Amino acid sequence: MSTRFLVTGGAGSIGSFVCEHLCRAGHRVIVLDHAKSLKIEHLFETGNLQFVQDSVLNRDVVGRLVDRVDVVIHLAAIADPKRYVVEPLNVLHVNLGGSLLLLDFCSRQGKKFVFASTSEICGKNQAVPWTEDADRVLGSTRINRWCYSTAKAVVEHYCYAYHQQEGLPFVVMRFFNVYGPRCDDLGQGRVIPIFLEKFLAGKPVVVHGDGRQTRAFTFIEDTAEAVVKLATTDGAVGEVYNVGSDVETSILELAETMKRVGGFDSPLEYKPHLEVFGHSYEDIPRRIPDVSRIEAAIGWRAVTDLETGLKKTIDFYRSGGGRSPG
Ligand SMILES: NC(=O)c1ccc[n+]([C@@H]2O[C@H](COP(=O)([O-])OP(=O)(O)OC[C@H]3O[C@@H](n4cnc5c(N)ncnc54)[C@H](O)[C@@H]3O)[C@@H](O)[C@H]2O)c1
């Protein structure tokens with residue numbers, strides 16, 4: 001049966017893959033994103049996708065669009081760690097304010113709200129792997145980097161509260177380091193496009209700290225599949241889910257694997273975090289999910305191993321898929 005979806009941030013990296021899945025399955029999709037539609041233009045020919053270029057902070061537009069759909073997948077956010085430090089106000093406005101606006105309309109109109117949260121929720125908690133109920137261990141509010149995690153956590157609280165008091169159907173997805181084709185521009189955003197720009201230019205690749213901090217790198221196509229399954233499974237409603245690979249990889253291993261898979265010969269260099277980000281940033285030493293809840297709910301596991309995912313990513317950027325900055 002065809003369902004009508006509003007995908008906010010649908011012109012972003014994860015959003016573009018989610019829209020692909022939905023359109024291919026014959027669902028009707030409206031994308032609300034204030035960026036250009038470059039990553040989803042290939043879907044216009046399906047006839048299933050409508051693009052609205054506007055902000056999730058535009059109350060009139062949000063109200064009208066929520067009214068036209070059955071399910072809202074809310075992915076729009078400022079999700080670039082560099083921006084948490086330099087524009088915390090925008091991060092809070094968009095990531096918290098925009099989400100509350102959507103939640104309010106979903107609750108009043110009885111629409112399902114599927115929310116993109118983050119592994120950053122658990123902050124510095126060292127007791128990995130994290131279940132969805134793990135403690136949140138965060139730094140001071142003086143450290144800007146925590147505004148992103150905090151905004152997402154407040155939205156999670158609102159989801160539970162609306163569910164309990166107003167009967168809102170919701171699903172929260174905590175993503176863990178998503179990577180792949182169509183992610184940030186080369187040299188921008190998160191670690192893989194930043195490393196890749198240097199590797200492709202034959203320049204030294206700078207590893208922050210000693211490179212022993214670990215992450216669970218999750219391939220974007222696996223992530224998009226989980227989003228669609230969670231959004232379309234009735235039994236998934238009313239819960240928070242870790243959506244990630246449970247394979248722990250250090251940043252140093254990541255750099256070495258990229259070097260090998262891509263056949264690059266850039267040297268690896270090390271730089272203290274303080275020198276890179278200043279005082280308003282704190283790094284997270286380990287960040288690994290327990291994925292038993294999502295596996296039990298929808299039978300999903302991240303199936304793409306790092307080498308395969310990196311090869312697809314490197315091929316995409318090598319063939320000009322990601323623009324260089326400037
Ligand atoms: N990529 C990851 O590793 C990761 C990890 C954890 C959580 N997330 C969350 O997943 C979601 C999608 O992330 P992504 O990696 O695709 O990021 P992305 O930056 O590629 O996509 C986000 C999209 O939101 C749009 N957007 C930003 N502000 C907006 C506004 N005011 N109005 C309308 N659209 C706006 C952007 O234009 C962009 O297209 C985000 O909510 C992010 O916080 C991502």
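Okay, here's what the table says:
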quantity: Residues being buried (at least 23 other Cβ atoms within 10 Å of the Cβ) and charged (D, E, K, R) - total across the stretch 192-244; calculated: 1
quantity: Filter pass, Lys112 being within 15 Å of the ligand (Cβ to nearest atom) and either crowded, with 22+ Cβ neighbours inside 10 Å or closer than 28 Å to Ile298 by Cα (or both); calculated: no
quantity: Among the candidates Asp185, Asp210, Asp222, residue that is modelled with pLDDT under 95 and either assigned to a helix (DSSP H, G or I) or within 26 Å of Ala302 (Cα to Cα) (or both); calculated: Asp185
quantity: Scope the stretch 23-64; condition away from the ligand (no atom under 11 Å from the Cβ) and in contact with a strand residue (DSSP E or B) (Cβ under 8 Å, 6 or more places away or on another chain); matching residues; calculated: Cys23, His27, Arg28, Val29, Ile30, Leu43, Phe44, Asn48, Leu49, Gln50, Phe51
quantity: Looking only at the stretch 80-94, and only at residues there that are aliphatic (A, V, I, L, M) and touching a helix residue (DSSP H, G or I) at 6+ places or on another chain (Cβ under 8 Å), the one that is nearest to the ligand (Cβ to nearest atom); calculated: Val91
quantity: Complete set of residues in the stretch 157-187 that are closer than 19 Å to Arg136 by Cα and either in contact (Cβ under 8 Å) with a residue 24 or more places away in the chain or within 10 Å of the ligand (Cβ to nearest atom) (or both); calculated: Tyr158, Cys159, Val172, Met173, Arg174, Phe175, Phe176, Asn177
quantity: Which numbered condition Ala127 misses (of (1) of a type in the set (Gly, Ala, Ser); (2) surrounded by fewer than 24 Cβ atoms within 10 Å (Cβ to Cβ); (3) within 10 Å of the ligand (Cβ to nearest atom)); calculated: (3)
quantity: Options Leu75, Leu96, Leu92: the member that is surrounded by 15 or more Cβ atoms within 10 Å (Cβ to Cβ) and closer than 17 Å to Val31 by Cβ; calculated: Leu75
quantity: From the options Ser119, Ser149, residue that is within 16 Å of the ligand (Cβ to nearest atom), in contact with a helix residue (DSSP H, G or I) (Cβ under 7 Å, 6 or more places away or on another chain) and of a type in the set (S, T, N, Q); calculated: Ser149
quantity: Whichever residue in the stretch 1-18 is away from the ligand (no atom under 11 Å from the Cβ) and outside any loop (DSSP other than H, G, I, E, B) and, among such residues, is farthest from the chain's Cα centre (by Cα); calculated: Arg4
quantity: Hey, Ser117 in contact with a Phe, Trp or Tyr (Cβ under 9 Å, 6 or more places away or on another chain), surrounded by fewer than 15 Cβ atoms within 10 Å (Cβ to Cβ) and outside any helix (DSSP H, G or I) or not; calculated: no
quantity: Top-ranked residue of the stretch 188-207 - restricted to ones that are part of a loop (DSSP other than H, G, I, E, B) and within 13 Å of the ligand (Cβ to nearest atom), ranked as farthest from Arg286 (Cα to Cα); calculated: Gln188
quantity: Residue pairs meeting the criteria (Cβ under 8 Å; at least 6 apart or on separate chains; first more than 15 Å from Asp246 (Cα to Cα) and in contact (Cβ under 8 Å) with a residue 24 or more places away in the chain, in the stretch 211-225; second among the small types (Gly, Ala, Ser) and within 11 Å of the ligand (Cβ to nearest atom)); calculated: Glu221/Gly180
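The values are calculated or read from the model by the stated rules, or taken from the named source; none is laboratory data. Fair warning: this is a prediction, and the values are worked out from it, not measured in the lab. So basically every Cβ, Gly included, is an ideal-geometry build from the backbone, and we count neighbours across all protein chains shown.
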